[in-house]
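The values are calculated or read from the model by the stated rules, or taken from the named source; none is laboratory data. The shown structure was predicted, so the numbers you read here are calculated from the model rather than taken from an experiment. In this analysis, Cβ positions are derived from the backbone assuming ideal geometry, glycine residues included, and neighbour counts consider all displayed protein chains. With ligands, DNA and RNA removed, areas are computed over all heavy atoms of the protein, side chains included. Shrake-Rupley method; radii C 1.70, N 1.55, O 1.52, S 1.80 Å.
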Amino acid sequence: MSVPILSVVIPVYNEGDHLLQVTARVTEVLSTLDLTYEMILVDDGSQDQSWPDICRAAGGDGRIRGLRLSRNFGKEAALAAGLADARGEAVVIMDGDLQHPPELIPTLVEIWQSEGVPIVEAVKRDKRRTPLWHRLCTKIFYSLLSGLPGEGLDGATDFKLLDRRAVEAWRRMGERNVFFRGMAAWLGFPRREVPFSVPERVGGRTRWAFFQLVRLAVTGITSFTSLPLQLTTLIGGVFLAFSILLGGQTLYMKFFGGGVDGFTTVILLLLITGSCIMISLGVMGTYIARIYEEVKARPRFLVADRCGDPEDPPLTGIGAATSTSTDA
Ligand code: UDP
Ligand code: MG
């Protein structure tokens with residue numbers, strides 16, 4: 001099979017109800033484009049009929065391929081698997097629930113082709129649908145990451161087009177814990193944004209449980225900023241200032257006053273310092289856990305099965321993306 005111009009990577013987790021509908025819509029849009037393409041569906045350990053459906057789609061259309069991860073590794077790992085496998089000159093990454101409208105792909109491709117920008121991103125225009133607390137948390141999260149180059153990540157999605165340069169650069173980032181959005185911004189290549197409004201899911205429900213989102217946020221923060229660690233030092237500094245003041249006052253009382261007063265202060269100080277120390281230890285623990293995970297250097301994902309590409313024998317590419325960490 002010759003190398004296609006465009007690769008479309010779609011992570012799939014229990015999307016069986018509407019998978020064929022999604023592939024049909026994407027195929028319909030892609031066939032209007034005057035270029036060769038491939039569609040890579042990465043099954044992230046689904047428990048429903050997603051994998052047989054992927055293989056059925058691949059059987060009916062030579063441009064569709066399927067990868068099956070050995071278990072549920074999470075969306076970010078599924079994206080990594082798809083990116084490692086994509087061969088196109090440009091790669092479009094999109095969700096498998098039609099929340100990233102395929103009709104936008106021609107616009108992304110056109111901007112890439114006419115302006116030659118390495119990264120074209122679709123950004124959320126209206127976020128009214130998202131609950132207020134969610135928007136608030138997102139705001140705080142992204143402002144913590146505001147050190148990243150570019151316009152910041154507000155409204156960012158994983159719906160992007162990356163050209164070969166950007167994909168190769170991304171593949172050289174060797175971390176195990178993938179935070180795709182942040183990593184794409186970190187690359188620093190020129191980016192163009194295309195606004196879109198997020199439609200409802202075509203079916204099923206979101207796979208992100210609250211704690212999964214928290215985990216992704218912690219991954220994002222710990223891999224892109226050491227600010228929480230520096231905050232620990234800052235809090236220590238503030239406490240030092242206080243202790244000098246209070247220490248002075250205590251000594252003064254001891255020599256010139258009664259000196260028994262201040263029991264409340266002692267209790268308060270104990271409580272506050274206790275919690276600050278615990279939180280600081282927690283923050284450090286989080287970073288140490290990340291270091292531990294990274295030094296174990298386990299593969300980001302394992303490919304258990306493939307379908308649709310006669311050139312690729314099954315059970316190859318185990319942890320394909322891991323080798324990219326050493327070729328830097
Ligand atoms: N997804 C995945 N692995 C997971 C969770 C989600 O591959 O563990 C895929 C899912 O099939 C979909 C995309 O990631 O194509 C976005 O997931 P979802 O729609 O649940 O997230 P949301 O749109 O609510 O952010
Ligand atoms: Mg979705």
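Details
- Filter result for residue 183 (assigned to a loop (DSSP other than H, G, I, E, B), more than 14 Å from ligand 2 (Cβ to nearest atom) and aliphatic (A, V, I, L, M)): no
- Residues (open to solvent by 30 Å² or more (accessible area, probe 1.4 Å) and assigned to a loop (DSSP other than H, G, I, E, B)) located in segment 155-173: 172
- Members of segment 1-57 found to be basic (Lys, Arg) and within 16 Å of ligand 2 (Cβ to nearest atom), listed by number: 25
- Filtered by the rule that a residue be touching a residue at least 60 places away in the same chain (Cβ under 8 Å) and among the hydroxyl-bearing types (Ser, Thr, Tyr), segment 40-72 gives a lone residue, 70.
- Qualifying residues in segment 9-36 (those that are out of contact with any Leu (no Cβ under 7 Å at 6 or more places or on another chain) and among the aliphatic types (A, V, I, L, M)) - the one nearest to residue 94 (Cα to Cα): 26
- Flag for residue 176 being part of a helix (DSSP H, G or I) and either in contact with a Pro (Cβ under 6 Å, 6 or more places away or on another chain) or more than 15 Å from ligand 2 (Cβ to nearest atom) (or both): no
- For segment 116-141, a tally of residues being over 18 Å from the mean Cα position of the chain (by Cα) and either outside any helix (DSSP H, G or I) or within 16 Å of ligand 1 (Cβ to nearest atom) (or both) returns 11.
- Subset of segment 146-182 (residues that are over 13 Å from the mean Cα position of the chain (by Cα), within 27 Å of residue 292 (Cβ to Cβ) and modelled with pLDDT under 85): 147, 148, 174
- Note on segment 181-202: residues that are buried (at least 19 other Cβ atoms within 10 Å of the Cβ), over 21 Å from residue 107 (Cα atoms) and within 16 Å of ligand 1 (Cβ to nearest atom) total 1.
- Screening residue 78 on (1) in contact with a helix residue (DSSP H, G or I) (Cβ under 9 Å, 6 or more places away or on another chain); (2) more than 17 Å from residue 308 (Cα to Cα); (3) among the small types (Gly, Ala, Ser) shows it passes everything except condition (1).
- Odd one out for residue 68 among (1) in contact with a Phe, Trp or Tyr (Cβ under 9 Å, 6 or more places away or on another chain); (2) within 16 Å of ligand 2 (Cβ to nearest atom): (2)
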